[in-house]
Amino acid sequence: MRTTTWSAQWWRRGGRLLLLTALCLLGLSCGREKGAEYRLAYSVFFPASHIHSLLAREWADEVYRRTDGRVQIDIFPGGALTGAAENFDCVINRVSDVGMSCFAYTRGLFPLLEALDLPLGYPDGMAATRIANDFIARFQPKELSDVHVLYVHAHGPGILATTEPVASLGDLKGRSIRGTGITAQMVKAMGANAVGMSQPDTYEALRRGVVDGTFCPMETLKGWRQGEVINHVTRVPAAGYTTAMFVVMNKQVWERFPEDIKTAISEVNSEWIDQHGNAWDQVDRDGLEFVKGLGKTITDMSAEDDAIAAAAMVPLLENWVKKTDAAGLPGTEAMAFLKAAVADARRNRAAAAAAQTTGDSTKQGEQP
């Protein structure tokens with residue numbers, strides 16, 4: 001268990017009530033009727049207008065409805081309540097009751113869950129999101145024992161967005177590329193210098209030339225406006241990583257709920273997994289159209305360079321397994337689980353694409 005900080009102690013003694021009251025007066029939190037039996041603060045690292053902040057609000061509204069108004073959850077987006085990197089610990093210490101952020105922002109805290117972010121070739125956000133939830137259900141990582149996991153979600157395959165063109169992997173040598181957690185290791189494996197930072201800091205870093213590029217999901221180019229400050233997008237299939245994001249609740253808060261409320265919230269959670277998966281795929285499409293509209297260059301890494309990138313990723317995967325097994329964690333089993341799940345997802349996506357193509361061809365043939 002982590003040590004409770006002075007700020008967390010102050011928060012428990014009344015600081016949260018003061019801030020909730022102030023933000024309600026400013027109209028920044030959910031304005032429902034008074035009289036909820038439980039009132040919780042939910043810290044979301046995404047900006048208020050981002051689709052996953054909107055989904056967090058819709059989740060809170062649905063929880064309120066299904067608990068007949070007994071559970072009210074106020075949303076604090078954009079790090080207004082807790083920062084992206086502090087989000088998880090702040091849930092443990094109850095600076096917030098619920099939190100959404102990235103596991104990768106707290107390096108070393110989630111040794112088994114790091115596997116989710118490895119470059120395994122995820123085909124899309126829905127697959128990555130479902131696989132991440134299945135992984136947690138299967139392995140029950142001890143690193144999550146201090147919180148109650150509501151659900152997790154994960155973006156589609158990451159891309160490389162840069163201010164200068166990347167015609168080949170050799171062009172990355174010496175460049176500073178933003179990456180977090182496993183992504184930072186990918187950057188180094190490709191010959192670039194890794195610079196760790198969270199998404200809220202990346203726009204300014206790109207604009208000011210602190211970094212030359214970023215590994216990110218396509219949606220980030222619109223959702224975080226980073227498409228405005230990059231000029232080139234390069235798709236690298238071998239680097240088809242994801243970033244898993246948690247939605248967790250303070251354990252003591254969860255345990256004091258009666259069973260009917262736990263059941264209601266759990267039902268909403270199970271529905272919101274696919275809500276987030278679908279949202280990731282939609283915003284990836286939106287991000288692509290956004291950068292096209294800005295006139296940015298979009299290219300695919302050549303097959304030769306992609307094969308080189310794939311070879312560069314192999315030691316990263318092998319080292320993760322060795323390190324995790326040595327720590328007494330099921331690294332080998334976890335890797336086998338993920339590779340099989342991703343392979344199934346890729347086959348399903350290919351089959352769906354083939355069926356769509358066949359259907360389109362049939363419709364065209366039926367036209368007079």
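The values are calculated or read from the model by the stated rules, or taken from the named source; none is laboratory data. In this text the structure is predicted, and so the values were computed from the model without any measurement. In this analysis, Cβ positions are derived from the backbone assuming ideal geometry, glycine residues included, and neighbour counts consider all displayed protein chains.
Of all residues in region 231-243, those being β-branched (Val, Ile, Thr), assigned to a loop (DSSP other than H, G, I, E, B) and more than 29 Å from Gly99 (Cβ to Cβ) number 1.
This table checks each residue for (1) closer than 28 Å to Val63 by Cα; (2) surrounded by 20 or more Cβ atoms within 10 Å (Cβ to Cβ); (3) touching a helix residue (DSSP H, G or I) at 6+ places or on another chain (Cβ under 9 Å); (4) among the acidic types (Asp, Glu).
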| residue | (1), (2), (3), (4) |
| --- | --- |
| Gln275 | yes, no, yes, no |
| Ala279 | yes, yes, yes, no |
| Glu289 | no, no, yes, yes |
| Leu294 | no, no, yes, no |
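From the list Pro111, Pro123, the lone residue that is surrounded by fewer than 24 Cβ atoms within 10 Å (Cβ to Cβ), out of contact with any Phe, Trp or Tyr (no Cβ under 6 Å at 6 or more places or on another chain) and within 21 Å of Gly196 (Cα to Cα) is Pro111. The residues of region 168-183 that are surrounded by fewer than 20 Cβ atoms within 10 Å (Cβ to Cβ) and free of Cβ contacts under 8 Å to residues at least 60 places away in the same chain, listed by number, are Gly170, Asp171, Lys173, Gly174, Arg175, Ser176. Looking for something assigned to a strand (DSSP E or B), in contact (Cβ under 8 Å) with a residue 40 or more places away in the chain and under 19 Å from Gly209 (Cβ atoms) - is there at least one such residue anywhere in region 244-255? The answer is no, given that none of the residues of region 244-255 is assigned to a strand (DSSP E or B), in contact (Cβ under 8 Å) with a residue 40 or more places away in the chain and under 19 Å from Gly209 (Cβ atoms). Give the residue that is nearest to Glu219 (Cα to Cα), with candidates limited to residues of region 141-169 that are in contact with a Gly (Cβ under 8 Å, 6 or more places away or on another chain) and hydroxyl-bearing (Ser, Thr, Tyr). Among residues in region 141-169 that are in contact with a Gly (Cβ under 8 Å, 6 or more places away or on another chain) and hydroxyl-bearing (Ser, Thr, Tyr), the one nearest to Glu219 (Cα to Cα) is Thr162. Residues in region 136-161 that are more than 15 Å from the chain's Cα centre (by Cα) and either surrounded by fewer than 23 Cβ atoms within 10 Å (Cβ to Cβ) or modelled with pLDDT under 95 (or both): Ala137, Arg138, Phe139, Gln140, Pro141, Lys142, Glu143, Leu144, Ser145, Asp146, Val147, His148.
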